[in-house]
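Bear in mind that the values in this text are calculations on the coordinates, not laboratory data. Since the structure is predicted, the reported quantities are computational estimates derived from the model, not experimental observations. Don't worry about glycine lacking a Cβ; one is built from the backbone with ideal geometry, like all the others, and counts go over all protein chains shown.
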Amino acid sequence: MSDALHTGVRLPIRVRRTIDGDGQKTVAHLVHCEARNRSRPLDDCANCLDCESVHIDPLEQDWWVACRRAGVHHPTLERALVLEGDRTPVLSVVGPRVVCVEPDTSIMLARELLLEPGLTGAPVVDSAGIVVGFVSRADLLRNAGPGGATRISQIMTTPAVTVSETSSIAEAAALMSLEGVDRLPVVNNAISGRVVGVVSALDLLAWFAGLSRKRDQAHRAGS
């Protein structure tokens, strides 16, 4: 076992896949840097002096970076799970992989993509990964008749309602309620808006349910 497992905090590597208009797929690997409080490309993280090691799993089940600086000023994502909703970062419940499409991606390709289990919508991004809209299964159904649109740009919802990766779970829940949406693209900051993941209402409900169970257990233990 390497020393990195003992001295470095594990930071998960997130994968963003984007399908362009030609059906070609590009992949970006991102790591949330606690020192900068935003996600950065894996290459930047790997070249940092505080990076002790990079663990790449060919099956994409357990990708992480060991960082000696992480956890000094901010709680790790694992520790954040025990905090309340107004202090827990939304990134702690976001999955490690996200699939995006570009505006000129074909409607046919998007239909095939959104048939995958659990994938009910996708952020629409430009070539730099900056979010420009969102497309859902409902958007595709509304366009199912003859003579419909052929490109995502013609049916996507724009501008997309997004949430910053540094926002809390409570803020994400409040924004979903206010805007009447059940999925939010998670971006690395409000200015650049590069997608790092997607959070759903189901993700938030699962977290609140887990918090409720912990409170019940603590109450029973103390009574």
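Some values worked out for this structure:
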item	result
Given charges at beta-carbon only (K, R positive; D, E negative), |dipole| of segment 86-223 in Debye	420
Among Gly180, Met108, Met156 the positive-end extreme of the charge dipole of the chain (Cβ point charges)	Gly180
Compactness relative to 2.2 N^0.38 Å, alpha carbon Rg of segment 134-190	1.36
5 angstrom amide H check on Gly95, placed H, neighbours 5+ away	Val198
Residues with amide H under 5 Å from that of Cys100, placed H, sequence gap 5 or more	Arg17, Thr18, Ile19
The chain: C-alpha pair distances exceeding 30 Å, %	29
Packing-based order for 90-101, 23-34, using average beta carbon neighbours within 10 Å, highest first	90-101, 23-34
Rough spin-label spacing in nm, given labels placed 7 Å along Cα→Cβ, for Gln24 and Asp126	1.9
Segment 4-206, dipole about Cα centre (Lys/Arg Cβ +1, Asp/Glu Cβ -1), debye to the nearest 20	80
Residues listed by number, segment 132-158, amide nitrogen under 15 Å from Arg111 label point at 7 Å toward C-beta	136-152, 155
Using θ = phi - 60° and Karplus 6.51 cos²θ - 1.76 cosθ + 1.60, couplings along segment 152-161 (whole Hz; Gly, Pro as x)	4, 4, 7, 10, 5, 7, 9, x, 6, 7
Net +/- balance of residues flanking Asp104 in space, Cβ distance below 9 Å, scoring K and R +1, D and E -1	-2
Gaussian network model of the chain, Cα within-10 Å springs - most flexible of Leu211, Leu11, Leu113	Leu211
For Leu205, net neighbour charge (Lys/Arg +1, Asp/Glu -1) across residues whose Cβ lies under 14 Å away	0
Karplus-derived HN-Hα couplings along segment 51-66 (A = 6.51, B = -1.76, C = 1.60, θ = phi - 60°), whole Hz, x at Gly and Pro	7, 8, 6, 10, 10, 10, 9, x, 8, 6, 9, 8, 9, 7, 10, 8
222 nm mean residue ellipticity, helices alone, for the chain (DSSP H n ≥ 4; -39,500 (n - 2.57); rounded to 500)	-7500 deg cm²/dmol
Helix 201-222 axis, angle to the chain major axis (alpha carbon atoms, nearest 10°)	30
Cα long-axis angle, helix 169-179 against the chain (0 to 90 degrees, to the nearest 10)	20
For Ala190, net neighbour charge (Lys/Arg +1, Asp/Glu -1) across residues whose Cβ lies under 15 Å away	+1
Over the chain, relative contact order from alpha-carbon pairs under 8 Å, at least 6 apart, %	19
For Ile13, distant residues with modelled amide H under 5 Å away	Trp63, Trp64, Val65
Per-residue ³J(HN,Hα) for segment 129-145, Karplus 6.51 cos²θ - 1.76 cosθ + 1.60, θ = phi - 60°, Hz, x for Gly and Pro	x, 7, 6, 10, x, 8, 10, 10, 4, 4, 4, 5, 5, 5, 9, 7, x
